[in-house]
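Below is one structure; the comments refer to it alone.
The values are calculated or read from the model by the stated rules, or taken from the named source; none is laboratory data. Note that this is a predicted model, so its numbers are computed, not measured. Cβ placement follows ideal geometry from the backbone for every residue including glycine, while neighbour counts extend to all protein chains displayed.
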Amino acid sequence: MIKYGTIEAIDDFERTLVIKTRKRAKTLYLPRSLYNQFNAFFQVGNTLFYTTRTPRSSKHLYHDNVKDVLKILQPAKRRPKLLYSHQSIKEQMQDFINQLGAKMYLDIEMSMHPYTVDKSFTQEIIQVGYILVDAQHQIIEKYKAFVQPKLHQTLTKRTLKFLDLTQEDIDQGDTFETFYSHFKHQLEHYNPAIIVWGKNDEMAIHDALKIHQLTPLTNSLRFVNLLKLHKTYYHLKDDLGLLNAFKLYGGQSDKQRHDALDDANMTKVIFENFARVVNKQQPHPDFKKF
């Protein structure tokens with residue numbers, strides 16, 4: 001149920017707002033992440049549209065516990081000024097998704113720290129997988145390669161236990177320079193949007209270029225963080241894991257293998273379903289199962 005009212009008072013310390021509705025004044029409580037996100041728009045006189053979750057009790061006062069902020073209006077002479085609208089964010093995201101063109105669904109696996117603390121250890125790329133598609137979603141190439149690390153050539157026990165690979169796989173893998181040359185060619189030839197889940201893959205490429213003293217490949221704006229899009233579109237407070245996101249859209253898997261090409265395929269499935277939701281071709285997934 002959507003509720004609304006005019007802001008009458010603001011308490012930054014308690015993260016509460018007093019709003020006036022048609023019937024009475026009431027106090028709203030906002031979780032820290034939500035309060036910080038919209039704090040700049042909270043001004044006395046502005047109108048807030050919101051949804052709530054289970055009521056919260058604080059110091060014997062009962063508050064509406066805000067779940068989502070949907071819209072914020074500022075009073076003006078002729079008509080209220082729209083400061084924020086979740087619906088407009090959704091529309092902008094739809095336009096963004098639909099104009100991406102060629103796409104590369106990328107996943108990278110990294111070496112992992114040993115079980116004992118080693119401050120000199122540096123994580124490095126040891127496997128890369130991607131699926132490259134054109135603007136019509138037709139697959140151009142599926143790619144998977146093991147990559148030899150430069151600084152720590154012997155994998156830790158933690159790495160071997162966690163990832164679906166062996167030391168022999170890595171010893172016989174490509175040098176990072178070989179992968180770099182291939183990757184650079186694909187980016188220059190197809191100019192794809194690089195779809196990743198979270199920030200780690202972009203950071204891994206960035207760090208590897210420093211380790212190997214190679215020229216940066218692409219502007220970071222071509223990386224599309226699919227996890228961030230999900231959090232914005234669905235108003236998620238916490239991060240959503242890749243496997244759970246895959247299952248959210250009907251993917252059948254009980255365990256994530258942490259194989260780069262498998263994870264790249266999961267990313268592709270998630271993006272394709274998310275694009276259909278954004279374009280109103282299928283309903284929102286059910287987050288209650290998580």
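Output the residue which, of all residues in segment 248-259 that are closer than 22 Å to Phe287 by Cα and surrounded by fewer than 18 Cβ atoms within 10 Å (Cβ to Cβ), is modelled with the highest pLDDT.
Tyr249
Among Leu221, Leu226, which is the only one that is at pLDDT 95 or above and not aromatic (Phe, Trp, Tyr)?
Checking each option against the conditions leaves just Leu226.
Just to confirm my filter: which strands (runs of 3 or more DSSP E) fall fully inside segment 1-93 and include at least 2 residues that are without any contact (Cβ under 8 Å) to a residue 12 or more places away in the chain?
By residue number, 47-58, 81-85.
Listed residues Ile108, Ile126, Ile131, Ile72; which is in contact with a Pro (Cβ under 9 Å, 6 or more places away or on another chain) and at pLDDT 95 or above?
Ile126
Mind listing just one residue for me: the one in segment 18-36 that is over 29 Å from the mean Cα position of the chain (by Cα) and surrounded by 14 or more Cβ atoms within 10 Å (Cβ to Cβ) and, of those, nearest to Asp238 (Cα to Cα)?
Out of the qualifying residues, it is Thr27.
Can you work out which of the residues in segment 271-290 that are within 16 Å of the chain's Cα centre (by Cα) and aromatic (Phe, Trp, Tyr) is nearest to Leu236 (Cα to Cα)?
Filtering first and then ranking leaves Phe287.
In segment 174-268, which helices (runs of 4 or more DSSP H) lie fully inside it and hold 1 or more residues that are outside the structural domain of Val147 (by TED's automatic domain parsing) and of a type outside the set (Gly, Ala, Ser)?
none
(1) surrounded by 14 or more Cβ atoms within 10 Å (Cβ to Cβ); (2) among the charged types (D, E, K, R); (3) in contact with a Pro (Cβ under 8 Å, 6 or more places away or on another chain); (4) touching a residue at least 40 places away in the same chain (Cβ under 8 Å): which one isn't true of Asp262, the others all being true?
Of (1) surrounded by 14 or more Cβ atoms within 10 Å (Cβ to Cβ); (2) among the charged types (D, E, K, R); (3) in contact with a Pro (Cβ under 8 Å, 6 or more places away or on another chain); (4) touching a residue at least 40 places away in the same chain (Cβ under 8 Å), only one is false for Asp262: (3).
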